[in-house]
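Worksheet: the structure to be examined is printed underneath.
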Amino acid sequence: MAETSPIAIICGGGPFPFSVADAALRTGRKVHLMPIEGWADRDRVAAYPHDWVPVGQYGRMVRVARNAGARDIVFIGTLVRPSLKDIRLDWKTIKILPRIYRAFRGGDDHLLRNIGKIFEDDGFRMLGAHEVAPEILAPAGDAGRVRPSAQDIVDAKLGLAVLDAMGPFDVGQAVVVTDNVVLAVEAAEGTDRMLQRIAALRRDGRIKVSAGRGVLVKAAKPTQDRRFDLPSIGPTTIANVKEAGLAGIAVRAGEVIVAEFTAVTEAADTANLFVTGLAPSSPP
């Protein structure tokens with residue numbers, strides 16, 4: 001029997017929360033959004049039942065979810081890790097502050113995994129966005145009309161090997177590889193700013209390779225809790241890859257969220273870029 005209970009969606013920035021909400025609605029489940037103040041898109045949030053929540057008001061999130069009748073919670077969307085001093089605490093958050101402090105003492109996966117455990121201890125079930133909307137994950141194969149070259153595939157597999165090697169250290173989910181050379185590794189700046197860094201290096205003459213070569217590679221960390229913070233691409237990623245002078249994007253299929261798949265494919269075709277999903281069994 002299909003699940004019909006409501007889902008509470010903690011919404012960061014970007015289009016992903018709404019893709020998940022629409023997917024849940026198509027299956028007959030009600031949704032209640034908990035958009036994070038300062039991050040979620042106010043115009044798009046307005047189309048759904050919602051209650052705004054400030055960063056750090058865990059008690060308010062619990063009340064909103066319970067009032068909506070939701071046991072299942074999804075956390076999806078862009079959110080830069082806040083400083084503890086910038087969090088507006090409510091009383092329930094203050095009571096669990098030692099646990100939150102310990103959660104902050106590690107990488108993003110460590111933080112989100114431990115925040116999820118706090119929700120679970122209050123009786124909620126944390127779901128991955130892909131469990132609600134499996135169609136948002138990148139499929140294997142080429143997404144548009146442009147195909148990667150043999151060298152692009154070699155670069156992509158090198159990128160996956162680099163990401164797999166970094167994974168145990170809870171570092172980044174993206175690299176840029178050109179002609180067997182790693183040009184950039186994603187850290188705290190995120191994918192878009194990493195690509196902007198590549199564009200700046202090219203303008204400054206630090207990258208000598210001609211435009212139209214090189215691959216943005218994205219994949220989940222090998223030990224990552226897949227319920228939280230899966231890597232993603234969207235139309236903005238396509239624009240930044242084009243600006244960086246790369247040939248395209250390679251992701252590990254089934255591990256990367258694609259926001260607005262049709263828009264991504266159309267933008268990639270227009271920009272003459274490839275977008276390809278490498279099967280999980282592909283050797284790195």
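Quick one: in the stretch 194-215, which of the residues that are basic (Lys, Arg) and in contact (Cβ under 8 Å) with a residue 40 or more places away in the chain is nearest to residue 175 (Cα to Cα)?
213
Could you check, for the stretch 23-46, whether at least one of its residues is hydrophobic (A, V, I, L, M, F, W, C), over 24 Å from residue 137 (Cβ atoms), without any contact (Cβ under 8 Å) to a residue 60 or more places away in the chain and surrounded by fewer than 19 Cβ atoms within 10 Å (Cβ to Cβ)?
Our first condition is that a residue be hydrophobic (A, V, I, L, M, F, W, C); within the stretch 23-46, this holds for 23-25, 31, 33-34, 36, 39-40, 45-46.
Next cut, over 24 Å from residue 137 (Cβ atoms) only: 46.
Now drop any that are not without any contact (Cβ under 8 Å) to a residue 60 or more places away in the chain, which leaves 46.
Right, trim to surrounded by fewer than 19 Cβ atoms within 10 Å (Cβ to Cβ) and you get 46.
Yes, the stretch 23-46 contains at least one residue that is hydrophobic (A, V, I, L, M, F, W, C), over 24 Å from residue 137 (Cβ atoms), without any contact (Cβ under 8 Å) to a residue 60 or more places away in the chain and surrounded by fewer than 19 Cβ atoms within 10 Å (Cβ to Cβ).
Are any of the residues in the stretch 245-252 out of contact with any Ser or Thr (no Cβ under 9 Å at 6 or more places or on another chain) and surrounded by fewer than 21 Cβ atoms within 10 Å (Cβ to Cβ)? I'd like the intermediate steps shown before the answer.
Filtering the stretch 245-252 for residues out of contact with any Ser or Thr (no Cβ under 9 Å at 6 or more places or on another chain) gives none.
So far as the stretch 245-252 goes, no, none of its residues is out of contact with any Ser or Thr (no Cβ under 9 Å at 6 or more places or on another chain) and surrounded by fewer than 21 Cβ atoms within 10 Å (Cβ to Cβ).
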Consider residue 80 against the criteria (1) part of a loop (DSSP other than H, G, I, E, B); (2) crowded, with 17+ Cβ neighbours inside 10 Å: it satisfies all of them except one. Which criterion is unmet?
(2)
Number of positions in the stretch 99-138 that are under 16 Å from the mean Cα position of the chain (by Cα) and loosely packed, with under 14 Cβ neighbours inside 10 Å:
3
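Restricting the search to the stretch 126-145, which residues are of a type outside the set (Gly, Ala, Ser) and farther than 18 Å from residue 17 by Cβ?
Of all residues in the stretch 126-145, those of a type outside the set (Gly, Ala, Ser) come to 126-127, 130-132, 134-137, 139, 142, 145.
Answer for the stretch 126-145, where residues must be of a type outside the set (Gly, Ala, Ser) and farther than 18 Å from residue 17 by Cβ: 139, 142, 145.
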So, in the stretch 32-46, how many residues would count as being assigned to a loop (DSSP other than H, G, I, E, B) and charged (D, E, K, R)?
2
Would you be able to say whether some residue in the stretch 157-165 is touching a Ser or Thr at 6+ places or on another chain (Cβ under 8 Å) and touching a residue at least 60 places away in the same chain (Cβ under 8 Å)?
yes
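Take the stretch 56-72 and flag every residue that is aliphatic (A, V, I, L, M) and surrounded by fewer than 17 Cβ atoms within 10 Å (Cβ to Cβ). Give the steps one after another, and end with the answer.
First, the residues of the stretch 56-72 that are aliphatic (A, V, I, L, M): 61-62, 64-65, 68, 70.
Within the stretch 56-72, no residue meets the criteria.
For the stretch 83-98, enumerate the residues that are assigned to a helix (DSSP H, G or I), out of contact with any Gly (no Cβ under 7 Å at 6 or more places or on another chain) and modelled with pLDDT of 75 or more.
Passing the criteria: 94, 95, 97, 98.
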What residue, of 170, 152, is assigned by TED's automatic domain parsing to the domain that holds residue 235, touching a His at 6+ places or on another chain (Cβ under 9 Å) and of a type in the set (Asp, Glu)?
170
For the stretch 251-284, give me each residue that is in contact with a Pro (Cβ under 8 Å, 6 or more places away or on another chain), at pLDDT 95 or above and assigned to a strand (DSSP E or B).
251, 252, 274, 276, 277
Counting only residues that are closer than 14 Å to residue 274 by Cβ, modelled with pLDDT under 95 and over 21 Å from the mean Cα position of the chain (by Cα), give me the strands (runs of 3 or more DSSP E) lying completely in the stretch 143-250 with at least 2 of them.
none
Mind checking which residues of the stretch 234-264 are among the β-branched types (Val, Ile, Thr), closer than 22 Å to residue 180 by Cα and in contact (Cβ under 8 Å) with a residue 60 or more places away in the chain?
251
Would you check which residues across the stretch 139-150 are crowded, with 16+ Cβ neighbours inside 10 Å and not hydrophobic (A, V, I, L, M, F, W, C) and list them?
142, 144, 148
Any idea which of 243, 255, 266 is of a type outside the set (Phe, Trp, Tyr) and under 18 Å from residue 153 (Cα atoms)?
255
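The values are calculated or read from the model by the stated rules, or taken from the named source; none is laboratory data. All figures in this text were calculated on a predicted structure; none of them were measured in a lab. As a convention, Cβ positions derive from the backbone with ideal geometry for all residues, glycine included, and neighbour counts pool all protein chains shown.
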